Every structure is written in structure tokens, then in C-alpha cells.
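> Please read through the structure below; I'll follow up with questions.
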Amino acid sequence: MREQEQIGNRRRGSGDEPGVEGSPPSTASPARRSSSRTQDIDRYVGARIRERRIMLGLTQQQLADLIGVTYQQAHKYERGINRVSAGRLFEVAQVLSVPVNYFFDGLDQRNEQAISPRERMCLELARNFAQIPNERHRRP
């Protein structure tokens, strides 16, 4: 019986062998999280996606359907919670009829200002106007 315990310990690792279960933890540093600057850029790109989507009068669900993701994923992209991959950003650009660099325009010059209430109102007005079903009512 004692012999079986020793064999089992060798398989599991007794703690004496390096790199085996039971050995002391290594001193390697944990994976580095993305920086605050990177997260700011993700939020900026997401805000630009949202801005363009609203200008076109699309809902998040419609955008999600067009790019092949769930509503929740599209929402996370717009909030900058999830990073948009290069391939997905290319798809979004095609669906929203803009070049990919549109999402980065103004990134260097931006001040840490949120969208003003007036700008938000104008975006909402544009979206609501685009949703008027009767084309005759949309004419100036």
C-alpha cells in the first residue's frame, strides 16, 4: 500500500520537482491589462459607431443584424466595453457607408468633452426624422 502512495505522489507531483503541480508558484507577472489610453480609444471608436448609426436612422438591433452579431454585442461595441476587431470594424464601416478611418477621425484633437445636450438633441432629431414613414412629410 505504501508503494502505491509513492507512485501516486510521483504522478501528482510532490512539490519537490519544478513545474509540477504542488510546486511553489512562479514569479512570472500576470498578463498586463490594456492601458487607460487604449480603453479611451475603444470608447471613442464606439461613440463614432453610435453617432453614425443614429445619423443613418438605424437601431442597435438593425446594426447588429447587418454585421452579424447580437444586439448585446453591438451595444458593447458602442459603449467601448468590447473592443471591435479589425475585420468587424471593416464590416461596420461598409454597413455604415464610411471609410474605416472615419472611426478614428478627430481622435488626436479631441478634448475630454462629452457630447453636449444640444448635439445629442440634434442626433435624436435626425434619427427621428429619418424614421418618418411617409416620404412626402420628410420633404422640405
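The values are calculated or read from the model by the stated rules, or taken from the named source; none is laboratory data. Source: prediction; values computed, not measured. With ideal geometry, Cβ positions are generated from the backbone for all residues, glycine too; neighbour counts draw on all protein chains shown.
> Scan 94, 73, 113 and give me the residue that is polar (S, T, N, Q) and at pLDDT below 95.
The match here is 113.
> Considering only residues of the range 116-140 that are under 26 Å from the mean Cα position of the chain (by Cα) and of a type in the set (Gly, Ala, Ser), which is modelled with the lowest pLDDT?
116
> If I filter the range 35-47 down to residues being farther than 15 Å from residue 76 by Cβ and of a type in the set (Gly, Ala, Ser), which single residue comes out as modelled with the lowest pLDDT?
35
> When you look at residue 129, is it surrounded by fewer than 13 Cβ atoms within 10 Å (Cβ to Cβ) and out of contact with any Cys (no Cβ under 6 Å at 6 or more places or on another chain), yes or no?
Considered against the rule, which asks whether it is surrounded by fewer than 13 Cβ atoms within 10 Å (Cβ to Cβ) and out of contact with any Cys (no Cβ under 6 Å at 6 or more places or on another chain), residue 129 comes out as yes.
Here's the yes/no breakdown for (1) in contact with a Ser or Thr (Cβ under 7 Å, 6 or more places away or on another chain); (2) in a helix (DSSP H, G or I); (3) surrounded by 14 or more Cβ atoms within 10 Å (Cβ to Cβ); (4) without any contact (Cβ under 8 Å) to a residue 12 or more places away in the chain:
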{"site": "54", "(1), (2), (3), (4)": "no, yes, yes, no"}
{"site": "62", "(1), (2), (3), (4)": "no, yes, yes, yes"}
{"site": "66", "(1), (2), (3), (4)": "no, yes, yes, no"}
{"site": "83", "(1), (2), (3), (4)": "no, no, yes, no"}
